[in-house]
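K.L.:
Just dropping this structure here.
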Amino acid sequence: MNKSIRTAAALAATLLWSAGASAEGGYFGVGLGKASIDETVSEGGLSGAIDENSTAWKVFGGFFITDNLGVELGWTDLGDMNEGGNVDIETEGFMAAAIGSLPIGDGGFSVHAKLGAYAWDQDIAITPNGAASNDGVDAVYGIGAKYVYDEMFGIQLDWERYNAKADVDLISIGLTLNF
C-alpha cells in the first residue's frame, strides 16, 4: 500500500482516538463478512471477467456529534478473489464517512446509513501477463442495522459498496464496544 494512504490512516486514527476519548456516543468495532465482485476488468492490455466472493474483515471506530449524526473511520480488507486462476483481485484501504442513525423504538435497535471516501489499494492480475497495483480515493456508502445491549456492547449487520477500479460489495456482521 502506498505511503500516503498509510500516513492518512495513522493521522485519522489518532484524531479519532483523541476526539472519541472525550466524546459521548463513541464506539470501536470489528466486523467479518463476505466481499463479492462481479465485473470485467482490464489490466496490461488484457481483460477478464470475475464473479467471485472472499472473506473480508474490518476494524472501525467513530463517535456521534449529535444523537443521529456521526463520523466513522475504519480499515477494510476486502480479501483476495480469484476467478479460476485467470483473474485475481485483492483490495484493502482506509475509510472515512459520515454516518446517520435512526433509533427504532426504545429497545436498543437502530438503522444507519453512511457515505464517505475510501482510500484504496487494489492489486489486479490477469493471466498471462497483465498485473498492476492501483490506488485511489473513491466513494464508500452503505446501510445497516444495530442492536445495542447492556449500553456497552452492540452487534450490527452492514451492507457496504467500496468503489475502486473494480467495485466490491461487503456484507458483514460486527461487534462494537460503546463508550
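Every number in this text was worked out from the coordinates using simple rules, so none of it is lab data. This is a predicted model, so every value here is computed, not measured. Positions of Cβ are backbone-derived with ideal geometry, glycine not excepted, and every protein chain shown enters the neighbour counts.
K.L.:
Restricting to the stretch 108-167, and then to whatever is surrounded by fewer than 20 Cβ atoms within 10 Å (Cβ to Cβ) and among the acidic types (Asp, Glu), can you tell me which residue is nearest to ASN68 (Cα to Cα)?
P.N.:
Selected residue: GLU151.
K.L.:
On to the next question. Would you mind stating whether GLU83 is closer than 13 Å to GLN122 by Cβ, crowded, with 16+ Cβ neighbours inside 10 Å and touching an Asp or Glu at 6+ places or on another chain (Cβ under 9 Å)? Talk me through it step by step, then tell me what you get.
P.N.:
On the way: closer than 13 Å to GLN122 by Cβ: no; crowded, with 16+ Cβ neighbours inside 10 Å: yes; touching an Asp or Glu at 6+ places or on another chain (Cβ under 9 Å): yes.
Considered against the rule, which asks whether it is closer than 13 Å to GLN122 by Cβ, crowded, with 16+ Cβ neighbours inside 10 Å and touching an Asp or Glu at 6+ places or on another chain (Cβ under 9 Å), GLU83 comes out as no.
K.L.:
Restricting to the stretch 147-168, name every residue that is hydrophobic (A, V, I, L, M, F, W, C), in a strand (DSSP E or B) and closer than 18 Å to PHE28 by Cβ. Give the steps one after another, and end with the answer.
P.N.:
As a first pass, look at the stretch 147-168 and keep what is hydrophobic (A, V, I, L, M, F, W, C): 148, 152-153, 155, 157, 159, 164, 166, 168.
Remaining after also requiring in a strand (DSSP E or B): 148, 153, 155, 157, 159, 168.
Hits for the stretch 147-168 are VAL148, PHE153, ILE155, LEU157.
K.L.:
Let me ask something else. Taking into account only those residues within the stretch 120-140 that are under 30 Å from GLY25 (Cβ atoms) and touching a residue at least 40 places away in the same chain (Cβ under 8 Å), which is nearest to the chain's Cα centre (by Cα)? Before you say what the answer is, go through the steps one by one.
P.N.:
As a first pass, look at the stretch 120-140 and keep what is under 30 Å from GLY25 (Cβ atoms): 120, 137-140.
Applying the additional criterion that residues be touching a residue at least 40 places away in the same chain (Cβ under 8 Å) yields 120, 140.
Numbers: TRP120: 10, VAL140: 7 Å.
Here the answer is VAL140.
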